[in-house]
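Each remark here refers to the structure printed beneath this line.
The values are calculated or read from the model by the stated rules, or taken from the named source; none is laboratory data. Note that the structure is predicted; figures quoted are calculated from it, not measured. Reconstructed Cβ throughout: ideal geometry from the backbone, glycine too, with neighbour counts over all protein chains shown.
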Protein chains: 2
Amino acid sequence: MITRLSNYFLRTLREDPSDAEVTSHRLLVRAGYIRRQAPGVFAWLPLGLRVKEKIERIVREEMNNAGAHEVHFPALLPREPFEITGRWEEYGEGLFRLKDRKGSDMLLAPTHEEAFTLLVKDLYNSYKDLPLSLYQIQDKYRDEARPRAGLLRGREFTMKDAYSFDYTDAGLDKSYQAQRDAYERIFTRLGLEYVIVKADAGAMGGSKSEEFLHPTPIGEDTFVRSAGGYAANVEAFTTLAPAPRSFEKLTPAEVLPTPDTATIQTLVDSANTNHPRPDGRLWTAADTLKNVVLALRYPDGTRELVVVGLPGDREVDQKRAEAAFAPAEVEPANEDDFKANPGLVKGYIGPWSPAGPVLGTESTTGIRYLIDPRVSEGSGWITGANDHGHHVFGLVAGRDFTADGTVEAAEVLAGDPAPDGSGPVELARGMEIGHVFQLGRKYAEALGLKVLDENGKLVTVTMGSYGIGVTRILAIIAELNNDENGLIWPKTVAPFDVHVVATGRDAAVFEAAETVAAALEAAGKDVLFDDRPKVSPGVKFGDAELIGVPTIVIAGRGVAEGVVEIWDRRTGERTPVAISEVVEALS
Amino acid sequence: MITRLSNYFLRTLREDPSDAEVTSHRLLVRAGYIRRQAPGVFAWLPLGLRVKEKIERIVREEMNNAGAHEVHFPALLPREPFEITGRWEEYGEGLFRLKDRKGSDMLLAPTHEEAFTLLVKDLYNSYKDLPLSLYQIQDKYRDEARPRAGLLRGREFTMKDAYSFDYTDAGLDKSYQAQRDAYERIFTRLGLEYVIVKADAGAMGGSKSEEFLHPTPIGEDTFVRSAGGYAANVEAFTTLAPAPRSFEKLTPAEVLPTPDTATIQTLVDSANTNHPRPDGRLWTAADTLKNVVLALRYPDGTRELVVVGLPGDREVDQKRAEAAFAPAEVEPANEDDFKANPGLVKGYIGPWSPAGPVLGTESTTGIRYLIDPRVSEGSGWITGANDHGHHVFGLVAGRDFTADGTVEAAEVLAGDPAPDGSGPVELARGMEIGHVFQLGRKYAEALGLKVLDENGKLVTVTMGSYGIGVTRILAIIAELNNDENGLIWPKTVAPFDVHVVATGRDAAVFEAAETVAAALEAAGKDVLFDDRPKVSPGVKFGDAELIGVPTIVIAGRGVAEGVVEIWDRRTGERTPVAISEVVEALS
């Protein structure tokens, strides 16, 4: 059935919505695809629903090809299973919680690990039932703190989430690979270039994790890659630690006065002026050990101070720190923190003071001290002496101080060596379009999902979880495919295959357009037909550009000569074609 | 692609779920269609999802045929629009309410009148944009007090809700009729016999409303119908009031002692013994005026007493009373109510006492008095005299007392006259399968949805709302189509068209079954193939009966002679058919 604009629920808008901060949001609202209901919550209008369904169809086909079975869980779930796995609390304010009329705690699920685990536990009990992969395409909820980017990060969003169940690690690897392969096919079909990067598995308690990122300068995520093939998001990058060095021949540490050197730059300048290096080279920021006091805020409301020691030429990276300290949120220490801990002398903090250890394993402050892997055994540093206006020179890790552990919280810089030895990394930006994850046995263990193996022994199941944000993908495609006049959909997900426009008031033109539209429909194309009788060609062309169907057929004056124009929305090219040849030209 | 049971996410269960109170719930869980997550909240397993999608496809096709446009709203909505229409409060405990991280009130929508009204207000502004019908197939939420009947009344459920927008009453009638016609087509395609009954429009503030009921003795709803074509649910039935009669010749009311007559039966007996009718006939319960004290509990928490006067041969019907007093809930008055109102003498309540009016327009109690339409002007009654052990005889409505109004709260009895004059009604039971509703201007007025008419004048839009519970329909079909061995799906919604079973261990049998399955798939059938190698024929047949695909093909020993059996699940009939002729036999 031809869809006629004269009778279609659509109103394009001339003005950008006032709350739209990103292009996809702006254009999807203006072109009549979506409409905001609340912050981060959208209604889908007919055009939007069509694109969403096309994306879902591709995802569904590839999930089925990968041997996954489709199910559908409710969004509304009881608290108990989330309590058992700890996510009821860990999710913090991001979880929509509610009570039913009987006072029972419930939630709107952000993902469904618990529910899938319990379903398989309910129904299956033998290794013969495995491997098993299940998926759903379903609406999820996360109470985002700043739901400002339209569909890119909504509070209600559609996701394809899949879960695999195996009883051996090798089985999990295989199930994981099948999903990973399916993702590659999905993104290829969607026309979305991707990079697969190592991701941080920490927060979910899993063992292996990769993200599919679409590389683009407008991406919100930073990732690193080497020419030799290494790729990781910044959270997952690991530092190549220098080998331990002997400190037998190193001179003892020495406390020196360094007045007014509370910043790294003033310290380096002061050191070069007043305490030059014995070998004649200049001190640089990389010779200093900077100690940053962070406050960790845990989901249960508790707050802990930690000190991170890292080379003075690097800052703490917020994302890496949050990944390292998950599920805690990380913020800088405040004035009250310093007042409460006089052992930390602001601007002059170090692990050691003439009076003895301040931080680390024999700490007098009781505050955990974690160091960057570059602060390796035998390395010597200029660092604070916990005495106002004084630093200690030649303080050697492993000789003069020992930390409570290492932490990957320092920023990654272009040129840092990839951990797999594949050379220096560069930094790039991307948008997350998918995530595959080996959960391992965390959920199965917490919820008691075991099966009998070949020997009749109960073994805990090992799981994977695999996610694609359907509505997010739609927004990303819109974000990447547009120009100043509107959207330009890739053919695989366009709401219609062809947009036929009848211009002017000549009945013969409308009849010819009708003929073309009918012929295209008969040839299996989805056709949007702008048959509005009293709308000017300018408005019709503007709407066609805004809506972004990739192929537009214009019936106008040329009809008298049996000719229409095919307008390629992406290139802007217009080609005259005989009416009788339109179907062939577009097949 | 053939679906193989050897590799399908399915586990049939031998035991009924402990919480299943109805057949559909029991069988859908046992046959692996659904799985409970919380009271009234279910997950859909692969088989269930298939049936659900088939129902949705039929609904969608008929909605599109009726010219409605599909959209999709979020379940999570802000409070404000529901506050404006009053539903935030009126919905009472049935509404799932929650707060987001910023403390804003939100809800999980039970229906979407407000959201659709605001969407059309946002985008449309002229009579030229109308008529418009929109629909969605979407998950809704109601916090049912007793979610015990599985999918029949869940707390999360899928619904097709449609809304029509017109600017004239005639337009609304037409849009309403289009939806009503679509419903008739939908239920016919689903194989669901239906009766269209007049329904109560009160609570939603609308003007006209009809329910589609499936007539069945196991139905939870009562409706009435006459041989002459009248049909209504009990809430919507209206009483034919007798014409007013002159009371000029009636004798004055007389208070008589009637000790120990606090019930209608004792009163009638006492009257016949001690105060016989002057005309020699016997007094009956229908000669008495019973006054029932009810407590109305409003959504805002307030509570009001009312007295309902009705002929003594009828009880108050809870559903009719709740419809009449909506949105209040109705409960009997309690002892404290009587203590607080000494003017109401329990067992002897009447509108009048020797001291003057107790109830009605000149009430001394301040309590509203509402009478059944049968208590018409000029009718005389035996009723309480508000004096313990006394009744008043010959108390005439309109002469001795006047009520504050009439109310349709008395039970309907078989034989009552239909209000349209089409003869006496009978009572029958049914299950609600759909609801069409003329909302009128209530929502448009509250939310300011107006358009410019032909004369450039702003007019308020008039709306209809139309609902089918998709998951409820699925449960009803299951409830009506089963036997002691399991489900028996109608062909239009069965999860598969054919269930092919290979029995025994003979490889040739499995190959023949595979051939048949492939040929059926090639002929466009959805095939479920039980290819499990080590499962006994008995278990396979049991599963086939439980799952309920209407046509089963059994490959067994007959394969040696080139024959399989076609088993009709509904009739139980098994017919041998040559393997080469199976496709033709089933087409």
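See the values below:
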| quantity | calculated |
| --- | --- |
| Residues (over 11 Å from B:Leu118 (Cα atoms), in contact (Cβ under 8 Å) with a residue 24 or more places away in the chain and not in a helix (DSSP H, G or I)) located in the stretch B:440-449 | B:Gly440 |
| Odd one out for A:Thr258 among (1) in the same structural domain as A:Phe437 (by TED's automatic domain parsing); (2) touching a strand residue (DSSP E or B) at 6+ places or on another chain (Cβ under 7 Å); (3) of a type in the set (Ser, Thr, Tyr) | (1) |
| Any hit, the stretch B:364-375, residues being surrounded by fewer than 16 Cβ atoms within 10 Å (Cβ to Cβ) and charged (D, E, K, R) | no |
| Any hit, the stretch A:455-478, residues being closer than 22 Å to A:Gly171 by Cα, buried (at least 18 other Cβ atoms within 10 Å of the Cβ) and charged (D, E, K, R) | no |
| Checking A:Ala243 against (1) part of a strand (DSSP E or B); (2) out of contact with any Asp or Glu (no Cβ under 8 Å at 6 or more places or on another chain), the condition it does not meet | (1) |
| Any hit, the stretch A:166-180, residues being among the β-branched types (Val, Ile, Thr) and surrounded by 21 or more Cβ atoms within 10 Å (Cβ to Cβ) | no |
| Restricting the stretch A:117-146 to residues that are within 26 Å of B:Leu107 (Cα to Cα) and out of contact with any Gly (no Cβ under 7 Å at 6 or more places or on another chain), the residue that is surrounded by the fewest Cβ atoms within 10 Å (Cβ to Cβ) | A:Arg146 |
| Qualifying residue in the stretch B:122-134 (condition: within 24 Å of the chain's Cα centre (by Cα) and outside the structural domain of B:Ala326 (by TED's automatic domain parsing)) | yes |
| Search result, residues across the stretch A:11-47 that are within 21 Å of A:Lys491 (Cα to Cα) and either more than 23 Å from the chain's Cα centre (by Cα) or among the hydrophobic types (A, V, I, L, M, F, W, C) (or both) | A:Leu27, A:Leu28, A:Val29, A:Arg30, A:Ala31, A:Gly32, A:Tyr33, A:Ile34, A:Trp44, A:Leu45, A:Pro46, A:Leu47 |
| Of the criteria (1) closer than 20 Å to A:Ala43 by Cα; (2) more than 9 Å from chain A (Cβ to nearest Cβ), which one B:Leu77 fails | (2) |
| Residue match in the stretch A:272-281 (condition: in the same structural domain as A:Ser376 (by TED's automatic domain parsing), in contact (Cβ under 8 Å) with a residue 12 or more places away in the chain and surrounded by fewer than 16 Cβ atoms within 10 Å (Cβ to Cβ)) | yes |
| Hits in the stretch A:296-308 (condition: surrounded by 17 or more Cβ atoms within 10 Å (Cβ to Cβ) and in contact (Cβ under 8 Å) with a residue 40 or more places away in the chain) | A:Pro299, A:Leu305, A:Val306, A:Val307, A:Val308 |
| Pair list, Cβ < 6 Å and 6+ apart or interchain, from the stretch B:33-49 residues that are among the aliphatic types (A, V, I, L, M) to residues that are in a helix (DSSP H, G or I) and surrounded by 24 or more Cβ atoms within 10 Å (Cβ to Cβ) | B:Ile34/B:Leu28; B:Ile34/B:Gly48 |
| Members of the stretch A:216-231 found to be under 12 Å from the mean Cα position of the chain (by Cα) and either in a loop (DSSP other than H, G, I, E, B) or not aromatic (Phe, Trp, Tyr) (or both), listed by number | A:Gly219, A:Glu220, A:Asp221, A:Thr222 |
| Number of the exception - B:Glu93 against (1) more than 24 Å from the chain's Cα centre (by Cα); (2) at the interface with another protein chain (Cβ under 10 Å from one of its Cβ atoms); (3) farther than 29 Å from A:Pro131 by Cβ | (1) |
| Selection within the stretch A:54-74 - within 10 Å of another protein chain (Cβ to nearest Cβ) and under 28 Å from B:Gly154 (Cβ atoms) | A:Asn64, A:Ala68, A:His69, A:Glu70, A:Val71, A:His72, A:Phe73, A:Pro74 |
| Residues within the stretch A:501-524 that are loosely packed, with under 14 Cβ neighbours inside 10 Å and either farther than 22 Å from A:Gly538 by Cα or under 44 Å from the mean Cα position of the chain (by Cα) (or both), tallied | 2 |
| Looking only at the stretch A:96-136, and only at residues there that are within 8 Å of another protein chain (Cβ to nearest Cβ) and in a strand (DSSP E or B), the one that is nearest to B:Leu5 (Cα to Cα) | A:Leu132 |
| Sole residue being in contact (Cβ under 8 Å) with a residue 12 or more places away in the chain, outside the structural domain of A:Glu89 (by TED's automatic domain parsing), outside any strand (DSSP E or B) and within 24 Å of A:Thr239 (Cβ to Cβ), chosen from A:Leu370, A:Leu359 | A:Leu359 |
| Conditions (1) at pLDDT 95 or above; (2) surrounded by fewer than 16 Cβ atoms within 10 Å (Cβ to Cβ): number failed by A:Pro342 | (1) |
| Counted residues, the stretch B:1-21 - those being within 12 Å of chain A (Cβ to nearest Cβ) and free of Cβ contacts under 8 Å to residues at least 12 places away in the same chain | 1 |
| Selection count where residues are closer than 30 Å to B:Arg30 by Cα and not in a helix (DSSP H, G or I), scope the stretch B:527-575 | 31 |
| Residue list for the stretch A:139-165, restricted to those being over 18 Å from A:Val51 (Cβ atoms), touching a residue at least 40 places away in the same chain (Cβ under 8 Å), part of a loop (DSSP other than H, G, I, E, B) and within 11 Å of chain B (Cβ to nearest Cβ) | A:Arg142, A:Asp143, A:Glu144, A:Ala145, A:Pro147, A:Arg155 |
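Each row is one residue, and each column tells you yes or no for (1) assigned by TED's automatic domain parsing to the domain that holds A:Gly86; (2) at pLDDT 90 or above; (3) under 28 Å from the mean Cα position of the chain (by Cα).
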{"site": "A:Ile264", "(1), (2), (3)": "no, yes, no"}
{"site": "A:Thr288", "(1), (2), (3)": "no, yes, no"}
{"site": "A:Asp300", "(1), (2), (3)": "no, no, yes"}
{"site": "A:Glu304", "(1), (2), (3)": "no, yes, yes"}
{"site": "A:Gly312", "(1), (2), (3)": "no, yes, no"}
{"site": "A:Ala323", "(1), (2), (3)": "no, yes, yes"}
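Table: residues versus (1) surrounded by fewer than 21 Cβ atoms within 10 Å (Cβ to Cβ); (2) within 28 Å of A:Gly464 (Cα to Cα).
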site	(1), (2)
A:Glu210	no, yes
A:Ile218	yes, no
A:Val224	no, yes
A:Glu235	no, yes
A:Pro244	yes, no
A:Glu248	yes, no
A:Thr251	yes, no
A:Val268	no, no
